[in-house]
1. Looking at Ala50 and the list (1) within 26 Å of Asp125 (Cα to Cα); (2) at pLDDT below 95, which single condition is not satisfied?
2. Given the condition within 15 Å of the chain's Cα centre (by Cα) and open to solvent by less than 20 Å² (accessible area, probe 1.4 Å), answer yes or no: does some residue in the range 71-82 qualify?
3. Using the structure shown, decide if Leu49 is in contact (Cβ under 8 Å) with a residue 60 or more places away in the chain, open to solvent by less than 70 Å² (accessible area, probe 1.4 Å) and under 13 Å from Ile135 (Cα atoms).
4. Could you figure out which of (1) surrounded by 15 or more Cβ atoms within 10 Å (Cβ to Cβ); (2) free of Cβ contacts under 8 Å to residues at least 40 places away in the same chain; (3) within 15 Å of the chain's Cα centre (by Cα); (4) more than 20 Å from Gln116 (Cβ to Cβ) isn't true of Leu19?
5. How many of the residues in the range 22-38 are open to solvent by 40 Å² or more (accessible area, probe 1.4 Å) and part of a helix (DSSP H, G or I)?
6. Of the residues that sit in the range 97-108 and are open to solvent by less than 30 Å² (accessible area, probe 1.4 Å) and over 11 Å from the mean Cα position of the chain (by Cα), which one is farthest from Asp17 (Cα to Cα)?
7. Could you list, in sequence order, all residues of the range 44-75 that are farther than 15 Å from Met115 by Cβ, assigned to a strand (DSSP E or B) and either out of contact with any Gly (no Cβ under 7 Å at 6 or more places or on another chain) or among the charged types (D, E, K, R) (or both)?
8. Filter the range 76-109 for residues that are in contact with a strand residue (DSSP E or B) (Cβ under 6 Å, 6 or more places away or on another chain), assigned to a helix (DSSP H, G or I) and among the small types (Gly, Ala, Ser) and give the result.
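The values are calculated or read from the model by the stated rules, or taken from the named source; none is laboratory data. These numbers were taken from a predicted model, which means no experiment stands behind them. We place every Cβ from the backbone using ideal geometry, glycine too, and count neighbours over all the protein chains shown. Side chains included, ligands, DNA and RNA excluded: accessible areas come from the protein's heavy atoms. Shrake-Rupley method; radii C 1.70, N 1.55, O 1.52, S 1.80 Å.
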Amino acid sequence: TRRSIREYQDKDVSDEDILKILKAGMQAPGSRLGAEPWEFVVIKNKETLAELAEIKPRVKTAPVAILLVANIERAFYKLHWQQDMSAAAENMLLEAVNLGLGGLWNGVAPTEDTMQKVADLFGLDNENQKPFCVITLGYPADGWENKFMDKFDEERIHYEKY
(Lines give C-alpha, C1' and ligand atoms only; values in the text may rest on other atoms or scores of the structure.)
Protein backbone atom coordinates (compact mmCIF):
# COMPACT_ATOMS: atom_id res chain seq x y z
CA THR A 1 0.00 0.00 0.00
CA ARG A 2 3.01 2.31 0.02
CA ARG A 3 2.76 5.37 -2.15
CA SER A 4 4.54 8.70 -2.22
CA ILE A 5 2.98 11.07 0.31
CA ARG A 6 3.71 14.70 -0.51
CA GLU A 7 1.58 16.51 2.08
CA TYR A 8 1.33 15.91 5.80
CA GLN A 9 -0.82 16.80 8.77
CA ASP A 10 0.60 19.26 11.28
CA LYS A 11 1.23 16.47 13.77
CA ASP A 12 4.52 15.30 15.29
CA VAL A 13 5.97 11.87 14.62
CA SER A 14 7.04 10.14 17.84
CA ASP A 15 10.70 9.51 18.57
CA GLU A 16 9.77 5.84 19.04
CA ASP A 17 8.42 5.64 15.48
CA ILE A 18 11.45 7.47 14.10
CA LEU A 19 13.72 4.95 15.84
CA LYS A 20 11.74 2.04 14.36
CA ILE A 21 12.14 3.55 10.90
CA LEU A 22 15.89 4.01 11.42
CA LYS A 23 16.21 0.41 12.60
CA ALA A 24 14.37 -0.76 9.48
CA GLY A 25 16.85 1.15 7.34
CA MET A 26 19.75 -0.53 9.09
CA GLN A 27 18.24 -3.98 8.44
CA ALA A 28 18.61 -3.50 4.69
CA PRO A 29 20.90 -5.77 2.71
CA GLY A 30 24.26 -4.25 1.90
CA SER A 31 27.03 -5.12 -0.53
CA ARG A 32 28.85 -6.92 2.26
CA LEU A 33 27.95 -7.73 5.85
CA GLY A 34 29.55 -5.24 8.21
CA ALA A 35 30.37 -2.78 5.43
CA GLU A 36 27.03 -1.02 5.20
CA PRO A 37 27.69 2.65 4.42
CA TRP A 38 24.51 4.22 5.79
CA GLU A 39 24.29 6.94 8.38
CA PHE A 40 21.26 9.10 9.14
CA VAL A 41 20.57 12.70 10.12
CA VAL A 42 17.15 13.18 11.75
CA ILE A 43 15.78 16.67 11.12
CA LYS A 44 12.89 18.01 13.20
CA ASN A 45 13.89 21.63 13.71
CA LYS A 46 11.51 23.83 11.69
CA GLU A 47 14.23 26.31 10.72
CA THR A 48 16.49 23.54 9.43
CA LEU A 49 13.56 21.97 7.55
CA ALA A 50 12.85 25.36 5.97
CA GLU A 51 16.50 25.70 4.86
CA LEU A 52 16.41 22.18 3.44
CA ALA A 53 13.14 23.02 1.64
CA GLU A 54 15.04 25.68 -0.30
CA ILE A 55 17.02 22.80 -1.84
CA LYS A 56 14.30 20.11 -1.78
CA PRO A 57 10.91 21.88 -1.78
CA ARG A 58 8.83 18.80 -0.85
CA VAL A 59 10.37 18.94 2.64
CA LYS A 60 8.32 22.05 3.40
CA THR A 61 5.22 20.38 4.92
CA ALA A 62 6.96 17.47 6.65
CA PRO A 63 7.17 17.38 10.45
CA VAL A 64 10.35 15.29 10.20
CA ALA A 65 12.90 14.42 7.56
CA ILE A 66 15.75 11.94 7.55
CA LEU A 67 18.84 12.57 5.47
CA LEU A 68 20.51 9.35 4.34
CA VAL A 69 24.27 9.74 4.12
CA ALA A 70 26.70 7.21 2.69
CA ASN A 71 29.95 6.98 4.61
CA ILE A 72 32.18 5.87 1.73
CA GLU A 73 34.98 4.81 4.08
CA ARG A 74 32.69 2.04 5.41
CA ALA A 75 31.40 0.93 2.00
CA PHE A 76 32.90 -2.33 0.72
CA TYR A 77 32.34 -1.53 -2.95
CA LYS A 78 33.16 2.15 -3.25
CA LEU A 79 31.26 2.54 -6.54
CA HIS A 80 28.07 0.74 -5.42
CA TRP A 81 27.08 2.80 -2.40
CA GLN A 82 23.90 4.06 -4.05
CA GLN A 83 22.57 0.51 -4.27
CA ASP A 84 23.11 -0.03 -0.55
CA MET A 85 21.51 3.30 0.26
CA SER A 86 18.50 2.53 -1.95
CA ALA A 87 17.82 -0.67 -0.03
CA ALA A 88 17.92 1.23 3.27
CA ALA A 89 15.62 3.96 1.94
CA GLU A 90 12.98 1.53 0.71
CA ASN A 91 13.04 -0.39 4.01
CA MET A 92 12.44 2.89 5.82
CA LEU A 93 9.53 3.86 3.59
CA LEU A 94 7.90 0.45 4.08
CA GLU A 95 8.27 0.68 7.85
CA ALA A 96 6.68 4.14 7.78
CA VAL A 97 3.58 2.65 6.14
CA ASN A 98 3.61 -0.17 8.70
CA LEU A 99 3.45 2.48 11.43
CA GLY A 100 0.55 4.37 9.80
CA LEU A 101 2.79 7.13 8.47
CA GLY A 102 3.45 8.44 5.00
CA GLY A 103 6.80 9.09 3.41
CA LEU A 104 8.46 10.50 0.34
CA TRP A 105 11.85 9.72 -1.19
CA ASN A 106 13.41 13.05 -2.17
CA GLY A 107 16.40 12.36 -4.38
CA VAL A 108 19.70 14.12 -3.78
CA ALA A 109 22.32 11.89 -5.47
CA PRO A 110 23.65 11.73 -8.11
CA THR A 111 23.08 15.44 -8.90
CA GLU A 112 26.41 16.98 -7.85
CA ASP A 113 25.04 20.49 -7.31
CA THR A 114 22.26 19.25 -5.04
CA MET A 115 24.64 16.92 -3.21
CA GLN A 116 27.01 19.82 -2.52
CA LYS A 117 24.22 22.10 -1.25
CA VAL A 118 22.94 19.41 1.12
CA ALA A 119 26.49 18.55 2.23
CA ASP A 120 27.15 22.22 3.01
CA LEU A 121 23.90 22.59 4.97
CA PHE A 122 24.64 19.58 7.18
CA GLY A 123 28.41 19.88 7.51
CA LEU A 124 29.33 16.84 5.38
CA ASP A 125 32.68 16.69 3.62
CA ASN A 126 30.98 15.32 0.43
CA GLU A 127 34.15 13.37 -0.31
CA ASN A 128 33.61 10.51 2.13
CA GLN A 129 30.12 11.50 3.31
CA LYS A 130 27.75 11.43 0.35
CA PRO A 131 24.20 12.75 0.81
CA PHE A 132 21.93 10.26 -0.92
CA CYS A 133 18.31 11.23 -0.33
CA VAL A 134 15.96 12.87 2.12
CA ILE A 135 12.97 10.90 3.32
CA THR A 136 10.14 13.05 4.60
CA LEU A 137 7.78 11.48 7.12
CA GLY A 138 4.48 12.35 8.70
CA TYR A 139 0.82 11.56 8.97
CA PRO A 140 -0.69 11.89 5.49
CA ALA A 141 -2.87 14.94 4.85
CA ASP A 142 -6.43 14.42 3.62
CA GLY A 143 -6.39 12.98 0.12
CA TRP A 144 -2.87 11.57 0.52
CA GLU A 145 -3.56 8.27 2.23
CA ASN A 146 -1.42 5.21 1.61
CA LYS A 147 -3.40 2.96 -0.70
CA PHE A 148 -2.73 0.23 -3.20
CA MET A 149 -2.10 1.53 -6.71
CA ASP A 150 -1.89 -1.28 -9.26
CA LYS A 151 1.20 -0.67 -11.40
CA PHE A 152 1.49 -4.20 -12.77
CA ASP A 153 2.23 -4.31 -16.50
CA GLU A 154 2.70 -7.77 -17.96
CA GLU A 155 4.32 -6.30 -21.09
CA ARG A 156 7.37 -5.40 -18.99
CA ILE A 157 8.09 -9.01 -18.09
CA HIS A 158 10.53 -10.98 -20.22
CA TYR A 159 11.61 -14.59 -19.87
CA GLU A 160 15.08 -15.88 -20.68
CA LYS A 161 15.91 -12.97 -23.04
CA TYR A 162 14.74 -9.43 -23.43
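1. For Ala50, the failing item is (2).
2. No, that holds for no residue.
3. no
4. All conditions are met except number (1).
5. Residues in the range 22-38 being open to solvent by 40 Å² or more (accessible area, probe 1.4 Å) and part of a helix (DSSP H, G or I): 2 in total.
6. Selected residue: Gly102.
7. Ala65, Ile66
8. Correct list: Ala88, Ala89, Ala96.
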